[in-house]
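The values are calculated or read from the model by the stated rules, or taken from the named source; none is laboratory data. The shown structure was predicted, so the numbers you read here are calculated from the model rather than taken from an experiment. Virtual Cβ from ideal backbone geometry, glycine too; neighbours counted across all protein chains shown. Just the protein is used for accessible areas: all its heavy atoms, side chains included, with ligands, DNA and RNA removed. Shrake-Rupley method; radii C 1.70, N 1.55, O 1.52, S 1.80 Å.
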Amino acid sequence: MRKYVAYQDSIDFITKTEQVAKVNALYDYRTTQKENLRLKEKTTRQRNQITELLLLFVVLTAGGIVSYLRMKKKRRTIWEQTQRLMLLQENRYSQARKTLQAHEQKIKTLTEQLHSATLRNDELERTRAEAQKIALEAESKQLHQSIEEQKSQILYFEQSEIYLKFHRATNSRDLSEEDWAALQAEIVSVYSQFTHRLLVLYPRLSPVEIRICYLIKIGIPVSRIAGLLNRSVPAITAARTRMYKKLTGETGTAEKQTY
């Protein structure tokens, strides 16, 4: 009887243990499922947040690129307008010299007409010729003053410290970046935005080619240009010829260049 009771107790204990294990297993399964579901939802939220951030980044980047391109286009337009204005100013100066020469020729012709009208006692013709001559002389005086001011600026520049320094230098080690910047500033001031006009004619001139133009402008010979830029004489000559073609669209020798 005792054995039976002990046996029955063992069976009950095993049964209870199995039931507890099943309950624990079910609880663990449900907990695991719940945790997996929570992690899945968290992962989904994180993925959605990352997607939203990426979309926001793309939108902001695209907006930034569009704004940059618009700003760049606006700046380019302003720059081109400025260059056209500078080029127009230089053309006006060149035209002033041509106009002065034409005026001088007309004044000479009017002087002859005035003399002829006086000899013929043609008062009407003499008055007309004299009035035209006076008007042309007044305009020529203004043009002459403008040209003389330009000549004075050039003379002052040719006596400046930076101009003389470049003419005394023998190699690239004699010049610093500050010297080149100072030369550029002086040339731009004296020769009506020289650098900008070069770039208007050909925007792809390299920094070395622009420096060659500076040195040509201040009268440095080719052999000295080669030393100042640490280049060979043939390289400088070839560069001058290449620039002449870039600026004029024609094939020519370096000696034809005036800039």
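Could you list, in sequence order, the residues of the range 190-205 that are farther than 16 Å from GLY219 by Cβ, open to solvent by less than 60 Å² (accessible area, probe 1.4 Å) and of a type in the set (A, V, I, L, M)?
LEU198, LEU199, VAL200, LEU205
Which of the numbered conditions does SER192 fail, given that it passes all the others? Conditions: (1) of a type in the set (Ser, Thr, Tyr); (2) in contact (Cβ under 8 Å) with a residue 60 or more places away in the chain; (3) over 30 Å from LYS151 (Cβ atoms).
Against the list (1) of a type in the set (Ser, Thr, Tyr); (2) in contact (Cβ under 8 Å) with a residue 60 or more places away in the chain; (3) over 30 Å from LYS151 (Cβ atoms), SER192 comes up short only on (3).
Any residue that is out of contact with any Pro (no Cβ under 7 Å at 6 or more places or on another chain), among the hydrophobic types (A, V, I, L, M, F, W, C) and more than 19 Å from GLU161 (Cβ to Cβ) - is there at least one of those in the range 240-251?
yes
Looking at the range 175-189, which of its residues are outside any loop (DSSP other than H, G, I, E, B) and surrounded by fewer than 19 Cβ atoms within 10 Å (Cβ to Cβ)?
Matches in the range 175-189: GLU177, GLU178, ASP179, TRP180, ALA181, ALA182, GLN184, ALA185, VAL188, SER189.
Taking the conditions exactly as written (within 15 Å of ILE225 (Cβ to Cβ) and surrounded by 16 or more Cβ atoms within 10 Å (Cβ to Cβ)), does ALA169 satisfy them or not?
yes
Does the range 211-226 hold any residues that are among the charged types (D, E, K, R) and over 27 Å from the mean Cα position of the chain (by Cα), and which are they?
ARG224
Residue check: is ALA129 hydrophobic (A, V, I, L, M, F, W, C), part of a helix (DSSP H, G or I) and loosely packed, with under 14 Cβ neighbours inside 10 Å?
Considered against the rule, which asks whether it is hydrophobic (A, V, I, L, M, F, W, C), part of a helix (DSSP H, G or I) and loosely packed, with under 14 Cβ neighbours inside 10 Å, ALA129 comes out as no.
Test LEU199 against the criterion of being part of a loop (DSSP other than H, G, I, E, B) and modelled with pLDDT under 90, and give yes or no.
It is false that LEU199 is part of a loop (DSSP other than H, G, I, E, B) and modelled with pLDDT under 90.
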